Amino acid sequence: MTPLEIGGLTLFILTLFFGVLSILFGLPGAIIILIGSFFYAAATGFDRIGFKVLGTLLILTVLTAIVDFAVGMSVSLKFDISRRNFLSFVGGGFVGALLLTPFLLGLGVIMGAFLGGFAGSLTSDLLQRSQRKPSLREPWGVILGRVAGLSAKGLFSLIMVVITLTQVYS
């Protein structure tokens with residue numbers, strides 16, 4: 001392999017892993033993996049990654065979006081999550097990520113998003129209700145939905161990476 005080919009392959013592999021890791025931050029990792037695979041396939045003349053593999057990756061990308069939506073909706077319907085509670089979860093997660101990032105760096109973003117989201121959702125729910133036990137139920141529902149959605153998206157993205165790298169190295 002020439003140095004240019006090695007550099008291109010390295011950049012492609014970094015794009016794949018960026019796609020998987022970007023899911024933790026709410027970015028569309030499956031789409032990043034699909035686009036990166038398409039550009040790599042086009043650069044290599046569709047020799048290593050063909051149209052069948054790209055079609056499979058496209059189907060997995062669509063399935064990723066559908067599963068993430070279905071999991072999120074099923075959990076939110078089960079826990080009866082209100083729009084206000086969801087928005088306070090997103091706002092609290094953003095604030096929590098901003099507060100913990102300087103101290104824990106990358107881990108602070110993830111922990112801050114979940115802990116801040118939980119605190120925001122709990123605060124919103126406590127302001128709406130006077131009972132404590134039902135107030136603790138909704139934030140856990142939001143967190144459970146988010147973790148389940150991230151897990152499903154992560155699994156599909158890892159499958160996409162395995163399929164792609166298997167084609168590249170076979």
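Looking at Ala65, is it farther than 16 Å from Ile159 by Cβ and either among the aliphatic types (A, V, I, L, M) or free of Cβ contacts under 8 Å to residues at least 24 places away in the same chain (or both)? It is false that Ala65 is farther than 16 Å from Ile159 by Cβ and either among the aliphatic types (A, V, I, L, M) or free of Cβ contacts under 8 Å to residues at least 24 places away in the same chain (or both). When the residues of segment 120-170 are filtered to those that are modelled with pLDDT of 75 or more and among the charged types (D, E, K, R), the one that is nearest to Val90 (Cα to Cα) is Arg146. Would it be correct to say that Ile35 is at negative phi and without any contact (Cβ under 8 Å) to a residue 24 or more places away in the chain? Yes: the conditions hold for Ile35. Selection of segment 40-66 for residues being touching a helix residue (DSSP H, G or I) at 6+ places or on another chain (Cβ under 7 Å) and part of a helix (DSSP H, G or I) yields Tyr40, Ala41, Ala43, Val53, Leu54, Thr56, Leu57, Leu58, Leu60, Thr61, Leu63, Thr64. Given (1) within 24 Å of the chain's Cα centre (by Cα); (2) buried (at least 16 other Cβ atoms within 10 Å of the Cβ); (3) not hydroxyl-bearing (Ser, Thr, Tyr), where does Ile49 come up short, assuming only one miss? Only one criterion is unmet by Ile49, namely (1).
The values are calculated or read from the model by the stated rules, or taken from the named source; none is laboratory data. In this text the structure is predicted, and so the values were computed from the model without any measurement. All Cβ positions, glycine included, derive from the backbone under ideal geometry; neighbour counts span all protein chains shown.
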